[in-house]
Amino acid sequence: MSRRQHDVCRFLLFQHFGKQTSVVGRYLLQRSSCSLPLISSETSIEPEQVKKILCILIQQNIVTFEQHKRGYIEYSIKEEEILNRLRIPKYIYCAKTLYGDAAELLLEEVLQRGQVQMSKVIQIVMQRFNEALETSGKTKISESFVSEKFSSLVKTHFLQRCLDPVKSESSKVVGLEAGVEEETLYTLPDLSRKRKRSPEGGPPAKRPKSEDENQMDSDDGIFWRVNCERFHQHFRDQAIVQAISSKIDRNAGEVLRAILRASEVKTASMATATTPLSVTEIFNALPKDLMTRSLLETYLSLICDDSTNFLSRVGDSGGGMYSISIYEALTQLAKAHIESVVQERFGSKCLRIFRVLLLKKHLEQKQIEDFVMISAKEAKDLLYTLFSENFVTTTEISKTPDHAPSRTYYLFTVNIQQVASLVLDRCYKALYNAMLKKEAEVTEHRRLLDKQERMEAIAASVEDANQREEILMTITPSEQEQINKVRCTIRMLDQSELQISEGIFILERYLLYFKLRQKDKS
């Protein structure tokens, strides 16, 4: 993990959990794993406080633990879980889009608590939902309705069980259960039945318990968490569909969406290509009355012939077998992001040079001048600008063993993996700067922002329109102008963070799938 990513991780820990947690997190980020006494001594935080911080981070799935061979417990931090907190608003919005408001509240509660029991989160969400409906005068919802939404999130793997700690013979927690089958992570408990509470491990009762008090929910000890990887797969698929819709049309996007959905249960979660599907299977997966079979075949041929190479025909049985190359799709999306960076930083002529090198792979300087149709002097300046910024690299091919410059060919090329890593690092730097700027703006003008919030809250509680206007007038025009300016700046920085996060997601997915493909080849 790069230094820029560490900066973002520390800032997110500070924003979400406070200063002391960010100090502990920073130390854990610098060390692979360490014990509680070492964390306490190195961070100068009391052991009891470190225990509380570690408990919170474990509850939020950020810190994991295991027993060292010498017997003590070691703690380590998961950087990707911290960075996933950047996408929490997208997770919640996705749940709302797919399953409605109840699913939105369910996911929000699970994300806030980190790990939670199904019965408890259903009760909390039902209470919150009904309070809001009661205020608006609408009919209340039942527990079965919220339970159904929870089941939908589990069945589609957006929620999964937390692994249970296992105990050694000495009854010390030594880590997390290994070798758990995937189906077990998505098995729902039966909340319709109760089971008797075990008398072990609890204090003796001071009074006789009734039969109801001596019962507990059948999901006792079963905790659930958000499966971030499943959301990432959904975002990846959405990006692919959106890209082909922009390139061809909406129907082409629906064809790819149908292929992705139909192959979802047949394809491994991190496979570089989907399982091949026949035309009949794709046609059955499409929404009814969207298109005829002959039109579907036309769209499949059109997408296969497109330069994006998202879809390929891999067989002839069943009218033709088609597969989406996830790796190729992410490569094209990553190239599009990198090209936009080149255009914004260096201009359209540099973008032309960059695209020619992507297309032709290896070219000499004279060949680049001819292909791009730019004067020799200008092409040389632009090319070496890209070279100095590491967007372009060179390969030397010598005619003689001595590698004399006069007898050596210098071929320019683009190493897309290297450039993607470079742009990703700069994206994290830009994200960190945007976060710092927003924090500075809020801190500097906190008094004004708090004053406006107080006045708006007081005005909202007043029924008389004249009194409400008088209360709001306590904010002077100059203060209101300053507040509007600050809010505009914060809104702009928020939009910047969202756009940068989208770029980070595409580049990280591409680099991840590149590594997976290299591993498959080896």
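Can you find a residue in segment 70-86 that is out of contact with any Phe, Trp or Tyr (no Cβ under 7 Å at 6 or more places or on another chain), open to solvent by 30 Å² or more (accessible area, probe 1.4 Å) and within 26 Å of Ser147 (Cα to Cα)?
Within segment 70-86, one or more residues are out of contact with any Phe, Trp or Tyr (no Cβ under 7 Å at 6 or more places or on another chain), open to solvent by 30 Å² or more (accessible area, probe 1.4 Å) and within 26 Å of Ser147 (Cα to Cα).
Counting just the residues of segment 455-498 that are within 30 Å of Leu86 (Cα to Cα) and modelled with pLDDT under 85, which one comes out least open to solvent (accessible area, probe 1.4 Å)? Before the answer, list the steps.
Of all residues in segment 455-498, those within 30 Å of Leu86 (Cα to Cα) come to 456-457, 482-498.
Then keep just the ones that are modelled with pLDDT under 85; that gives 456-457.
Working: Glu456: 92, Ala457: 63 Å².
Per the criteria, the residue is Ala457.
If the Cβ limit is 7 Å and pairs must be 6+ apart or interchain, which residue in segment 136-155 that is under 25 Å from Thr184 (Cβ atoms) pairs with which residue that is modelled with pLDDT under 80?
Ser147/Leu191
Please report, ordered by residue number, the helices (runs of 4 or more DSSP H) entirely within segment 325-442 with at least 1 residues that are hydroxyl-bearing (Ser, Thr, Tyr).
Numbers: elements: 326-346, 348-360, 365-372, 376-388.
The qualifying helices (runs of 4 or more DSSP H) are 326-346, 348-360, 376-388.
Does Arg230 satisfy being open to solvent by less than 50 Å² (accessible area, probe 1.4 Å), in a helix (DSSP H, G or I) and basic (Lys, Arg)? Give the derivation first.
Values: open to solvent by less than 50 Å² (accessible area, probe 1.4 Å): yes; in a helix (DSSP H, G or I): yes; basic (Lys, Arg): yes.
Spelling it out, Arg230 is indeed open to solvent by less than 50 Å² (accessible area, probe 1.4 Å), in a helix (DSSP H, G or I) and basic (Lys, Arg).
With the checklist (1) surrounded by fewer than 13 Cβ atoms within 10 Å (Cβ to Cβ); (2) within 30 Å of Lys519 (Cβ to Cβ); (3) among the β-branched types (Val, Ile, Thr) in hand, flag the one item Thr292 doesn't pass.
Of (1) surrounded by fewer than 13 Cβ atoms within 10 Å (Cβ to Cβ); (2) within 30 Å of Lys519 (Cβ to Cβ); (3) among the β-branched types (Val, Ile, Thr), only one is false for Thr292: (2).
What pairs come out if I take residues in segment 501-522 that are in contact (Cβ under 8 Å) with a residue 12 or more places away in the chain and pair them with residues that are assigned to a helix (DSSP H, G or I) and surrounded by fewer than 16 Cβ atoms within 10 Å (Cβ to Cβ) whose C-beta lies under 6 Å away, six or more apart or interchain?
Partner pairs satisfying both residue conditions: Phe514/Gln417.
From the list Gln49, Gln59, which residue is open to solvent by 20 Å² or more (accessible area, probe 1.4 Å) and touching a residue at least 40 places away in the same chain (Cβ under 8 Å)? Show your work before the answer.
Values: Gln49 fails: touching a residue at least 40 places away in the same chain (Cβ under 8 Å).
Just a single option satisfies the conditions, and that option is Gln59.
Out of all the residues in segment 414-436, is one or more open to solvent by less than 50 Å² (accessible area, probe 1.4 Å), within 30 Å of Phe387 (Cβ to Cβ) and in contact with a strand residue (DSSP E or B) (Cβ under 8 Å, 6 or more places away or on another chain)?
Checked segment 414-436: at least one residue is open to solvent by less than 50 Å² (accessible area, probe 1.4 Å), within 30 Å of Phe387 (Cβ to Cβ) and in contact with a strand residue (DSSP E or B) (Cβ under 8 Å, 6 or more places away or on another chain).
Any residue in segment 445-459 that is over 30 Å from Ala243 (Cβ atoms) and in contact (Cβ under 8 Å) with a residue 40 or more places away in the chain? Let's see the steps before the verdict.
If we filter segment 445-459 for residues that are over 30 Å from Ala243 (Cβ atoms), which is where we start, we get 445-459.
From what is left, the residues that are in contact (Cβ under 8 Å) with a residue 40 or more places away in the chain are 445.
There is at least one residue in segment 445-459 that is over 30 Å from Ala243 (Cβ atoms) and in contact (Cβ under 8 Å) with a residue 40 or more places away in the chain.
Which members of segment 93-120 meet the condition of being among the polar types (S, T, N, Q) and either without any contact (Cβ under 8 Å) to a residue 40 or more places away in the chain or open to solvent by 50 Å² or more (accessible area, probe 1.4 Å) (or both)? Steps first, answer last, please.
Initially, segment 93-120 is screened for residues among the polar types (S, T, N, Q), giving 97, 112, 115, 117, 119.
Thr97, Gln112, listed by residue number.
Which numbered condition trips up Glu104, out of (1) in contact with a Gly (Cβ under 7 Å, 6 or more places away or on another chain); (2) at pLDDT 90 or above?
All conditions pass for Glu104, except number (1).
Scanning segment 1-33 for residues that are in a loop (DSSP other than H, G, I, E, B), over 23 Å from Ile500 (Cα atoms) and hydroxyl-bearing (Ser, Thr, Tyr), which turns out most open to solvent (accessible area, probe 1.4 Å)? Working first, answer last.
Within segment 1-33, the first condition is being in a loop (DSSP other than H, G, I, E, B), and the residues that meet it are 1-2, 18, 31-33.
Filter once more, so that each one left must be over 23 Å from Ile500 (Cα atoms): 18, 31-33.
Next, from what is left, pick out any that are hydroxyl-bearing (Ser, Thr, Tyr): 32-33.
On the way: Ser32: 102, Ser33: 34 Å².
This residue is Ser32.
Inside segment 443-477, can you point out the residues that are in a helix (DSSP H, G or I) and of a type in the set (S, T, N, Q)?
Looking only at segment 443-477, we keep the residues that are in a helix (DSSP H, G or I), and these are 443-444, 446-460, 465-472, 477.
Selection gives Thr443, Gln452, Asn466, Gln467.
List the number of the failed condition for Val392; all other conditions in (1) crowded, with 20+ Cβ neighbours inside 10 Å; (2) under 22 Å from Gly503 (Cβ atoms); (3) in contact (Cβ under 8 Å) with a residue 40 or more places away in the chain hold.
Failed condition: (3).
Determine whether segment 324-342 contains at least one residue that is of a type in the set (Ser, Thr, Tyr), more than 22 Å from Lys247 (Cα to Cα) and either crowded, with 17+ Cβ neighbours inside 10 Å or at pLDDT below 90 (or both). I'd like the intermediate steps shown before the answer.
Going residue by residue through segment 324-342, those that are of a type in the set (Ser, Thr, Tyr) are 325, 327, 331, 340.
From the residues that got through so far, the ones that are more than 22 Å from Lys247 (Cα to Cα) too are none.
Checked segment 324-342: no residue is of a type in the set (Ser, Thr, Tyr), more than 22 Å from Lys247 (Cα to Cα) and either crowded, with 17+ Cβ neighbours inside 10 Å or at pLDDT below 90 (or both).
The values are calculated or read from the model by the stated rules, or taken from the named source; none is laboratory data. Since the model is a prediction, treat every value here as computed from it, not as a measurement. Positions of Cβ are backbone-derived with ideal geometry, glycine not excepted, and every protein chain shown enters the neighbour counts. For the accessible areas, the whole protein counts, side chains as well, though only heavy atoms, and no ligand, DNA or RNA atoms are used. Shrake-Rupley method; radii C 1.70, N 1.55, O 1.52, S 1.80 Å.
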